[in-house]
Amino acid sequence: MLPALAVKLIKPPKARTTQAWYASPMDAMQAVDRIIELLESDMGQTSNTSMRIPTALRDAAAIAVRELGVAASTTALTAAALRARLEAAVMQAVLDDHFRQYPEARPSLGDLAVAAAELDGHPLAGEPARIRQAALEVASRHPDAEPEDVLLWAEARAISAP
Amino acid sequence: MTHLVVLDNEAVQALSHPAHKKHVRVMSHIQVVVAGRRSRSLPVTVVVPTTVRVEAGWDRSVPAWAFLNRLLIGDVALDGSTANLAASILADARVSVADAHIGAVIQSAAATKVTVITSDPGDIRRVAADKEVHVVTI
């Protein structure tokens with residue numbers, strides 16, 4: 001039988017409000033899994049938070065809800081925006097982890113521009129070679145270019161082509 | 001505007017296996033979707049009909065599928081009314097159960113734009129019938 005003092009030391013303090021998962025370090029994928037678990041859990045439970053947001057942002061959100069009908073309430077608008085941002089962050093973290101493990105799986109700027117054209121129904125979507133050429137030209141001068149930059153350049157080149 | 005992106009069996013296979021010859025191609029589409037959500041908060045959702053998951057062998061409880069699970073690719077279940085629609089599509093178009101389910105997803109989607117990433121564009125256009133669908137061939 002354990003002495004009373006030992007039992008007292010083993011028992012977690014009742015006043016603790018921070019869960020162990022939060023206090024202990026996680027690797028990125030553990031964090032991703034925990035965020036996904038939370039995003040998929042019951043959203044009916046709500047909490048008041050002490051989060052502070054700029055007053056002007058709060059007022060702008062209130063006007064957007066009232067006058068533009070962008071959401072049922074500013075709370076709904078805030079929650080939806082937060083959820084969308086978290087989902088995007090999770091997906092990007094997963095992709096980054098995948099590219100670390102499999103560098104050859106990382107799409108080139110040309111690959112991304114072709115995919116963007118296909119998903120958007122861009123007029124040049126059926127001309128991947130033209131888009132890839134544009135990607136090479138743009139990347140040589142702008143290493144941080146985005147797929148949209150490539151599509152603009154490809155379109156400009158297509159218009160000026162004889 | 002809401003945009004629904006539906007994966008077919010080969011798109012799932014390509015995404016799940018880094019050595020698959022079309023892996024980078026499907027990864028490009030996923031990366032573009034993620035970048036759009038991140039930078040412009042575009043409401044683009046990537047889904048997989050559950051019968052496509054069956055065909056692809058995608059068991060969400062198996063660790064080998066963790067990568068796809070973490071990409072937040074949602075299920076579209078084959079419930080009663082979807083099954084009725086899929087049965088009708090299957091009879092008309094003579095396609096697989098999974099393709100008929102994709103057709104039911106296309107025809108009943110509330111999204112303003114539906115894109116299917118597929119290796120079989122002909123079947124997808126057939127199961128879409130009169131509903132407008134954007135097909136990306138891999």
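The values are calculated or read from the model by the stated rules, or taken from the named source; none is laboratory data. The structure displayed is predicted, hence computed values, not measured ones. Glycine also receives a Cβ, built like all others from the backbone with ideal geometry; neighbour counts cover every protein chain displayed. Accessible surface areas use protein heavy atoms only, side chains included; no ligands, DNA or RNA. Shrake-Rupley method; radii C 1.70, N 1.55, O 1.52, S 1.80 Å.
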What number of residues in the stretch B:65-89 are farther than 11 Å from B:Thr51 by Cβ and part of a helix (DSSP H, G or I)? 13
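Only one of A:Gly121, A:Gly110 is touching a residue at least 40 places away in the same chain (Cβ under 8 Å) and under 22 Å from B:Val136 (Cβ atoms). Can you tell me which? Don't jump to the end; show me each part of the working.
Numbers: A:Gly121 fails: touching a residue at least 40 places away in the same chain (Cβ under 8 Å).
Of A:Gly121, A:Gly110, the one residue that is touching a residue at least 40 places away in the same chain (Cβ under 8 Å) and under 22 Å from B:Val136 (Cβ atoms) is A:Gly110.
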Specify which of the listed residues (B:Val105, B:Val135) is within 12 Å of the chain's Cα centre (by Cα), buried (at least 16 other Cβ atoms within 10 Å of the Cβ) and in contact (Cβ under 8 Å) with a residue 60 or more places away in the chain. B:Val105
Could you say which residue among A:Ile36, A:Ile10 is under 25 Å from the mean Cα position of the chain (by Cα) and either among the β-branched types (Val, Ile, Thr) or at pLDDT below 50 (or both)? A:Ile36
Residue check, A:Leu136 part of a helix (DSSP H, G or I), more than 9 Å from chain B (Cβ to nearest Cβ) and over 20 Å from the mean Cα position of the chain (by Cα): yes
Exactly one of (1) facing chain B (nearest Cβ under 8 Å); (2) in a helix (DSSP H, G or I); (3) under 18 Å from B:Val34 (Cβ atoms) is unmet by A:Glu104. Its number? (3)
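For the stretch B:10-30, state whether one or more residues are modelled with pLDDT of 95 or more, acidic (Asp, Glu) and in contact with a helix residue (DSSP H, G or I) (Cβ under 8 Å, 6 or more places away or on another chain).
Taking the stretch B:10-30 and keeping what is modelled with pLDDT of 95 or more, we get B:10-30.
Filter again for acidic (Asp, Glu), leaving B:10.
Next, from what is left, pick out any that are in contact with a helix residue (DSSP H, G or I) (Cβ under 8 Å, 6 or more places away or on another chain): none.
No, the stretch B:10-30 has no match at all.
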Could you list, in sequence order, all residues of the stretch B:27-45 that are within 13 Å of the chain's Cα centre (by Cα) and facing chain A (nearest Cβ under 9 Å)? B:His29, B:Ile30, B:Val44
Subset of the stretch B:65-80 (residues that are surrounded by 15 or more Cβ atoms within 10 Å (Cβ to Cβ) and more than 12 Å from the chain's Cα centre (by Cα)): B:Trp65, B:Phe67, B:Leu68, B:Asn69, B:Arg70, B:Leu71, B:Leu72, B:Leu78
Out of the stretch A:79-101, which residues are among the acidic types (Asp, Glu) and either at the interface with another protein chain (Cβ under 7 Å from one of its Cβ atoms) or open to solvent by 40 Å² or more (accessible area, probe 1.4 Å) (or both)? A:Glu87, A:Asp96
Across the stretch B:15-64, what is the total count of residues that are surrounded by fewer than 16 Cβ atoms within 10 Å (Cβ to Cβ) and part of a helix (DSSP H, G or I)? 5
Flagged in the stretch A:110-133 as at the interface with chain B (Cβ under 10 Å from one of its Cβ atoms), in a helix (DSSP H, G or I) and among the aliphatic types (A, V, I, L, M), in numbering order, are A:Leu112, A:Ala113, A:Val114, A:Ala115, A:Ala116, A:Ala117, A:Leu119
Picked from the stretch B:108-132 (must be of a type in the set (D, E, K, R) and in a helix (DSSP H, G or I)), the residue least open to solvent (accessible area, probe 1.4 Å) is B:Asp123
